[in-house]
Amino acid sequence: MSFKRIYILIFISFCCTWLHAQRFKGEIIAGANFTQVDGDMEAGFKKVGVKAGLGVMFPFSFDKYNPKKNWSVSMEILYNQKGARQRQFDYNIDTSDWRYGVKFKYKLNLDYISIPVLFQYTHRQIWSIAAGFQYSRLVNVKEIEYDIKRVYDNDTVVAPKSNDWSVLVDIRVRIWQQLKAGFRFEYSMVPIRTRHFNQTAYYNEQTRKQYNNSLSLYLIVMFNEKKSENTEKIKKPTDRTYYY
């Protein structure tokens, strides 16, 4: 999918929001990613990045006579930083002594423009759970190993793929009126690259497929969401018969 098609899709979505503002809700999203790359010989969500952007949400109900629209479909456009990190430490190849020897430091920065699409259920306007898919386009990459910036030659060192497809699980809780807190898990559906590791001091020579693995904590500010949706209880209709 080219950037031109992405921009057209976003433009159509926001046009629909403008034309049907009484039905759509807007979102401002800002928070942090805690990420790792599975298959990179490191472990732990040590890389911290930014998650920020905008979203539109369309609430609906499967029962057209039910005024409670507990279901919704949303689409977002996000600046999404992912990657991996290993802090610097010393390793002695000959004596296996961690106090002396080679200085090892690893850092992988992956900057994406992401477009997630989510199907969401909301319970009493208090909390919600959602699942969906996400397309991400890589806009910047920087990889440092042994204090050396990697140069991708597609022979010994392969660059991460330009496109990443992920599955998502998302949970949100209302904090106050239109302010919500969210937690999101993202995982790549296909490898972002396949990398060959040469034999070194602490692992054998092997080839591994790598996947983005991300946990996010963020805040959401909702627009075009009536306060009455959050505070007022919906009154059930009563059936009364009057005799004259």
_Here's a check for you: in the range 125-160, which residue that is open to solvent by 50 Å² or more (accessible area, probe 1.4 Å) and of a type in the set (S, T, N, Q) is nearest to Tyr112 (Cα to Cα)?_
Asn140
*Does Asp111 satisfy the criteria of being of a type outside the set (S, T, N, Q), at pLDDT 95 or above, surrounded by fewer than 19 Cβ atoms within 10 Å (Cβ to Cβ) and within 19 Å of Asp40 (Cα to Cα)?*
yes
*Any idea how many residues of the range 161-177 are more than 18 Å from the chain's Cα centre (by Cα) and open to solvent by less than 30 Å² (accessible area, probe 1.4 Å)?*
0
_Subset of the range 222-238 that is open to solvent by 60 Å² or more (accessible area, probe 1.4 Å) and outside any loop (DSSP other than H, G, I, E, B) - its residue that is modelled with the lowest pLDDT_ = Thr231
_Close pairs from the range 144-169: first over 16 Å from Ile192 (Cβ atoms), partner at pLDDT below 90 and among the acidic types (Asp, Glu), Cβ under 9 Å, at least 6 apart_ = none
_Selection within the range 30-41 - crowded, with 17+ Cβ neighbours inside 10 Å and part of a loop (DSSP other than H, G, I, E, B)_ = Gly39, Asp40
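Each row is one residue, and each column tells you yes or no for (1) among the small types (Gly, Ala, Ser); (2) at pLDDT below 95.
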position	(1), (2)
Ser2	yes, yes
Ile6	no, yes
Ile12	no, yes
Thr17	no, yes
Arg23	no, yes
Glu42	no, yes
Lys46	no, yes
Gly53	yes, no
Asn70	no, yes
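The values are calculated or read from the model by the stated rules, or taken from the named source; none is laboratory data. Only a predicted model underlies this, so the values are computations on that prediction, with no experimental measurement involved. All Cβ positions, even for glycine, are placed from backbone atoms using ideal geometry, and neighbour counts span all protein chains on display. For the accessible areas, the whole protein counts, side chains as well, though only heavy atoms, and no ligand, DNA or RNA atoms are used. Shrake-Rupley method; radii C 1.70, N 1.55, O 1.52, S 1.80 Å.
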